[in-house]
Amino acid sequence: MSDVSTSKPKSKPAGVVSGFEIPKFEMPKFEMPKFEMPKFEMPKMEVPAAFRELAEKSVNQCKDSWEKMKAATEEATDLIEGSYATASKGCADYGLKMIEVARANTNANFDYASQLLTAKSLSEAVELSTAHVRKQFETLTEQSKELSALAQKVATESAEPIKECMTSAFKKAA
């Protein structure tokens with residue numbers, strides 16, 4: 001049953017633009033030519049047992065060398081981590097010593113300044129200055145020796161594990 005009131009408007013046929021009909025052309029169909037790939041077959045031959053044994057020995061030697069190098073690398077990593085921890089602790093100790101030295105020198109200078117302010121004469125001020133300079137020179141000399149010894153200790157303790165590790169690694173690799 002068709003109902004006239006609910007009919008759809010007619011749509012334009014395909015290929016019609018603004019009242020002009022576009023001609024239709026049929027495209028020729030092409031097929032790709034079929035080529036056969038040449039077959040490169042390796043001749044079948046038996047690998048001699050000596051070559052197989054040599055290959056297996058080479059593979060085993062490579063595996064052994066790999067395991068040795070892996071173990072040496074892990075050992076070196078552990079030693080470097082230990083050396084780094086030692087150096088880090090040594091640097092912290094050195095920093096604390098520097099703070100201690102700075103505090104001592106600051107206190108000595110404040111003491112000197114307060115003594116200088118209480119001096120009653122120019123000769124007493126010169127005498128205080130001379131004593132302070134002499135004492136500070138001796139103190140700075142001693143502090144420099146302590147800091148130098150501490151720095152040397154830190155460097156030696158940090159480098160020793162690396163030195164031992166490298167010596168051990170070269171002996172194992174040889």
From the set of residues in the range 117-130 that are hydrophobic (A, V, I, L, M, F, W, C) and either surrounded by 13 or more Cβ atoms within 10 Å (Cβ to Cβ) or modelled with pLDDT of 95 or more (or both), which is farthest from the chain's Cα centre (by Cα)? A119
Residues that are over 19 Å from P161 (Cα atoms) and surrounded by 13 or more Cβ atoms within 10 Å (Cβ to Cβ), drawn from the range 56-92: K68
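Considering only the range 54-92, state which residues are acidic (D, E) and without any contact (Cβ under 8 Å) to a residue 60 or more places away in the chain. Step through it out loud before you land on a result.
Taking the range 54-92 as the starting set, the residues that turn out to be acidic (D, E) are 56, 64, 67, 74-75, 78, 81.
Matches in the range 54-92: E56, D64, E67, E74, D78, E81.
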Restricting attention to the range 153-174, and to residues there that are closer than 28 Å to S65 by Cβ and of a type in the set (A, V, I, L, M), which single residue is modelled with the highest pLDDT? I162
When you go through (1) more than 30 Å from F170 (Cβ to Cβ); (2) at pLDDT 75 or above; (3) of a type outside the set (V, I, T) one by one for S65, which number turns out not to apply? (1)
Residues (closer than 15 Å to Q152 by Cβ and of a type in the set (F, W, Y)) located in the range 73-94: Y94
Here is a check on your reading of the model: is K97 free of Cβ contacts under 8 Å to residues at least 12 places away in the same chain, surrounded by 13 or more Cβ atoms within 10 Å (Cβ to Cβ), assigned to a helix (DSSP H, G or I) and not acidic (D, E)? no
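The values are calculated or read from the model by the stated rules, or taken from the named source; none is laboratory data. Just so it is clear, the structure is predicted and the values come from calculations on it, not from any experiment. When we count neighbours, we look across all protein chains shown, and the Cβ atoms used for this are built from the backbone with ideal geometry, even at glycine.
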